[in-house]
1. Among the residues of segment B:73-101 satisfying the criterion of being touching a Gly at 6+ places or on another chain (Cβ under 8 Å) and closer than 20 Å to B:P14 by Cα, which is nearest to the other protein chains (Cβ to nearest Cβ)?
2. So, in segment A:52-75, of the ones that are within 13 Å of chain B (Cβ to nearest Cβ) and part of a strand (DSSP E or B), which residue ends up farthest from B:R41 (Cα to Cα)?
3. Of (1) more than 14 Å from the chain's Cα centre (by Cα); (2) farther than 20 Å from A:Y98 by Cβ, B:F11 satisfies all except one. Which?
4. Determine if segment A:42-51 includes at least one residue that is in a loop (DSSP other than H, G, I, E, B) and more than 9 Å from chain B (Cβ to nearest Cβ).
5. Going through B:N22, B:N95, B:N12, B:N55 one at a time, which residue ends up being within 23 Å of A:M32 (Cβ to Cβ) and in contact with a strand residue (DSSP E or B) (Cβ under 7 Å, 6 or more places away or on another chain)?
6. Out of the residues in segment A:76-105 that are in a strand (DSSP E or B) and without any contact (Cβ under 8 Å) to a residue 60 or more places away in the chain, state the one that is surrounded by the fewest Cβ atoms within 10 Å (Cβ to Cβ).
7. Can you pull out every residue in segment A:49-63 that is closer than 13 Å to A:Y33 by Cα and free of Cβ contacts under 8 Å to residues at least 40 places away in the same chain?
8. Could you pull out the residue among A:G51, A:G42, A:G63 that is surrounded by fewer than 19 Cβ atoms within 10 Å (Cβ to Cβ) and more than 20 Å from A:P83 (Cα to Cα)?
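The values are calculated or read from the model by the stated rules, or taken from the named source; none is laboratory data. This one's a predicted model, so the numbers in the text were calculated from it and none came from an experiment. Quick reminder, even Gly has a Cβ in these numbers, built from the backbone with ideal geometry, and neighbours come from all protein chains shown.
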Amino acid sequence: NAGVTQTPKFRILKIGQSMTLQCTQDMNHNYMYWYRQDPGMGLKLIYYSVGAGITDKGEVPNGYNVSRSTTEDFPLRLELAAPSQTSVYFCASTRSSYNSPLHFGNGTRLTVT
Amino acid sequence: RKEVEQDPGPFNVPEGATVAFNCTYSNSASQSFFWYRQDCRKEPKLLMSVYSSGNEDGRFTAQLNRASQYISLLIRDSKLSDSATYLCVVPPTGNQFYFGTGTSLTVIP
């Protein structure tokens with residue numbers, strides 16, 4: 001099992017460019033999450049999904065969009081990149097939001113200049 | 001009151017020392033708890049799950065006190081490689097997990 005796979009690992013964007021951060025999991029988890037982590041700070045929830053076709057906003061959704069067309073994939077879209085979106089992005093999944101741990105991907109390190 | 005609160009530290013301890021971190025939670029209905037380890041700018045990795053009164057894995061012991069609503073992580077015989085940030089995570093009653101801010105540990109030679 002690969003677990004949670006994120007691509008790319010690193011990316012540099014210019015202001016105003018767009019990109020999609022890919023996240024896929026092979027554990028048949030219904031729950032998937034996108035977090036960002038700024039230097040020296042904690043994890044902040046951007047968006048989450050409780051199953052295919054269902055997404056919801058987290059704490060910091062502005063500037064991002066998501067979709068969940070399959071159980072496996074949960075891509076995060078940045079439409080107009082801004083320097084404030086420079087961060088490390090983690091995707092995570094879990095079988096149950098009630099009593100199962102989160103499994104994290106390796107992260108995507110994004111710099112917007 | 002925050003859902004989950006941790007002492008951010010930093011904790012600087014010598015090799016071989018025993019160190020303990022506490023994490024308090026506000027939702028008395030929470031049934032399971034998790035400790036994660038996070039190295040600088042890397043993904044959090046699951047260290048221990050706590051479903052009942054506690055759990056032990058080698059040098060690591062997690063204990064749960066439901067009456068006082070806190071969980072603790074005890075690390076015995078600290079190694080240099082234990083230097084990291086330790087996150088307390090509480091599953092939600094809704095769908096969003098609650099993270100502590102993390103406790104920074106540095107083990108000094």
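1. The qualifying residue nearest to the other protein chains (Cβ to nearest Cβ) is B:T85.
2. A:I54
3. Against the list (1) more than 14 Å from the chain's Cα centre (by Cα); (2) farther than 20 Å from A:Y98 by Cβ, B:F11 comes up short only on (1).
4. Of all residues in segment A:42-51, those in a loop (DSSP other than H, G, I, E, B) come to A:42.
Applying the additional criterion that residues be more than 9 Å from chain B (Cβ to nearest Cβ) yields none.
No, because not a single residue in segment A:42-51 is in a loop (DSSP other than H, G, I, E, B) and more than 9 Å from chain B (Cβ to nearest Cβ).
5. One residue alone meets the criteria, B:N95.
6. Here is the first cut: in segment A:76-105, the residues in a strand (DSSP E or B) are A:76-78, A:87-94, A:103-104.
Of the ones still in play, those that are also without any contact (Cβ under 8 Å) to a residue 60 or more places away in the chain are A:76-77, A:87-88.
Details: A:L76: 21, A:R77: 14, A:S87: 21, A:V88: 18.
So, considering only residues that are in a strand (DSSP E or B) and without any contact (Cβ under 8 Å) to a residue 60 or more places away in the chain, the one surrounded by the fewest Cβ atoms within 10 Å (Cβ to Cβ) is A:R77.
7. At the first step, the residues of segment A:49-63 found to be closer than 13 Å to A:Y33 by Cα are A:49-52, A:54-61.
Residues satisfying the conditions are A:S49, A:G51, A:A52, A:I54, A:T55, A:D56, A:K57, A:G58, A:E59, A:V60, A:P61.
8. Working: A:G42 fails: more than 20 Å from A:P83 (Cα to Cα); A:G63 fails: more than 20 Å from A:P83 (Cα to Cα).
The conditions single out A:G51.
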